[in-house]
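The values are calculated or read from the model by the stated rules, or taken from the named source; none is laboratory data. Small disclaimer: the values here were computed from a predicted structure and weren't measured. Quick reminder, even Gly has a Cβ in these numbers, built from the backbone with ideal geometry, and neighbours come from all protein chains shown. Areas reflect the complete protein model, heavy atoms only, side chains present, ligands, DNA and RNA absent. Shrake-Rupley method; radii C 1.70, N 1.55, O 1.52, S 1.80 Å.
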Amino acid sequence: RMRVFAGGPMVNLLLAFACMAVFAMVFMPAVQPAREGVGVMSVGDGTPAEGTLEKTMIITSFNGTAIANYGDFSDAIALTKANQTVAIGYWYDGNDHFANVTLGDRGDYITGTDNDGKGYLGINGWTVSTDSFHPIAGAKNATALVRNFLVFMTLPISGGSPVEGRTKRCSRSIF
């Protein structure tokens with residue numbers, strides 16, 4: 001009797017996974033992200049980004065460097081120092097915007113001797129790219145397939161969507 005009860009939820013999960021896979025293969029190739037860059041998932045309280053950047057913005061340039069993915073952003077912020085003012089380009093609500101932000105000292109926010117004197121913005125972000133919204137086509141191996149699929153499935157929960165309109169919201173390590 002317990003096997004029958006346990007079988008019901010398992011079949012529901014398998015059916016949901018199969019429907020999501022069909023949806024991803026059939027409908028998602030027509031969807032493109034609003035902009036490629038680094039999507040802001042959260043902004044830390046009391047950080048330099050607070051008051052300038054908000055959740056769902058997409059960073060498209062940082063200190064004169066075009067940002068296409070998380071690696072570009074990581075490389076660009078690694079070249080900064082504490083108290084340096086940087087120009088940030090971002091996309092939000094269908095428009096491109098620019099702002100100047102004075103970076104904090106990473107050592108004040110993250111413990112460790114190698115952090116002192118380095119620039120700190122205070123966001124949690126992720127690469128916003130076509131691969132995020134095409135989980136099967138963008139996967140290069142099985143690990144990437146699982147990762148892409150999980151990101152794809154959690155987009156609505158995290159407020160992310162590549163679609164224009166009121167749902168146009170656009171997440172990996174803290175910088």
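Go through (1) touching a helix residue (DSSP H, G or I) at 6+ places or on another chain (Cβ under 9 Å); (2) modelled with pLDDT of 80 or more and name the single condition Cys19 misses.
Among (1) touching a helix residue (DSSP H, G or I) at 6+ places or on another chain (Cβ under 9 Å); (2) modelled with pLDDT of 80 or more, Cys19 violates only (1).
Just to verify a result, which residue in the range 22-49, among those that are modelled with pLDDT under 80 and touching a strand residue (DSSP E or B) at 6+ places or on another chain (Cβ under 6 Å), is nearest to Asp96 (Cα to Cα)? Break it down stepwise before answering.
Narrowing the range 22-49 to residues modelled with pLDDT under 80: 22-35.
Checking which are touching a strand residue (DSSP E or B) at 6+ places or on another chain (Cβ under 6 Å) leaves us with 33, 35.
Details: Pro33: 15, Arg35: 10 Å.
The selected residue is Arg35.
Count, please, the residues in the range 107-128 that happen to be open to solvent by less than 70 Å² (accessible area, probe 1.4 Å) and modelled with pLDDT under 70.
Here is the first cut: in the range 107-128, the ones open to solvent by less than 70 Å² (accessible area, probe 1.4 Å) are 107, 110, 112, 115, 117, 119-128.
So of that shortlist, the ones also modelled with pLDDT under 70 come out as none.
Looking only at that region, the number is 0.
Conditions first: (1) within 16 Å of Gly119 (Cα to Cα); (2) polar (S, T, N, Q); (3) within 22 Å of the chain's Cα centre (by Cα). Gln84 passes all but one, so which condition is the exception?
(3)
Quickly run through the range 81-106 and pick out the residues that are surrounded by fewer than 20 Cβ atoms within 10 Å (Cβ to Cβ), assigned to a loop (DSSP other than H, G, I, E, B) and touching a strand residue (DSSP E or B) at 6+ places or on another chain (Cβ under 8 Å).
Matches in the range 81-106: Ala82, Asn83, Gln84.
Among the residues of the range 131-157 satisfying the criterion of being part of a helix (DSSP H, G or I), of a type outside the set (Ser, Thr, Tyr) and open to solvent by less than 20 Å² (accessible area, probe 1.4 Å), which is modelled with the lowest pLDDT? Please lay out each step first, then the result.
Taking the range 131-157 and keeping what is part of a helix (DSSP H, G or I), we get 131-133, 142-154.
Right, trim to of a type outside the set (Ser, Thr, Tyr) and you get 131, 133, 142, 144-153.
Within this subset, residues satisfying the condition of being open to solvent by less than 20 Å² (accessible area, probe 1.4 Å) are 133, 144, 148-149, 152.
On the way: Phe133: 61, Ala144: 79, Asn148: 73, Phe149: 73, Phe152: 70.
That would be Phe133.
Kindly list the number of the only condition in (1) of a type outside the set (A, V, I, L, M); (2) open to solvent by 10 Å² or more (accessible area, probe 1.4 Å); (3) under 26 Å from Ala139 (Cβ atoms) that fails for Pro48.
With respect to (1) of a type outside the set (A, V, I, L, M); (2) open to solvent by 10 Å² or more (accessible area, probe 1.4 Å); (3) under 26 Å from Ala139 (Cβ atoms), Pro48 is out only on (3).
Consider Asp72 carefully, then state whether it is open to solvent by 40 Å² or more (accessible area, probe 1.4 Å) and more than 16 Å from the chain's Cα centre (by Cα).
Values: open to solvent by 40 Å² or more (accessible area, probe 1.4 Å): yes; more than 16 Å from the chain's Cα centre (by Cα): no.
Considered against the rule, which asks whether it is open to solvent by 40 Å² or more (accessible area, probe 1.4 Å) and more than 16 Å from the chain's Cα centre (by Cα), Asp72 comes out as no.
Anything in the range 57-69 that is in a loop (DSSP other than H, G, I, E, B) and crowded, with 21+ Cβ neighbours inside 10 Å? List them, or say none. Write out each step before concluding.
Quick first cut of the range 57-69, residues in a loop (DSSP other than H, G, I, E, B) only: 57, 63-64, 67-69.
Those that are in a loop (DSSP other than H, G, I, E, B) and crowded, with 21+ Cβ neighbours inside 10 Å: Met57, Ile67.
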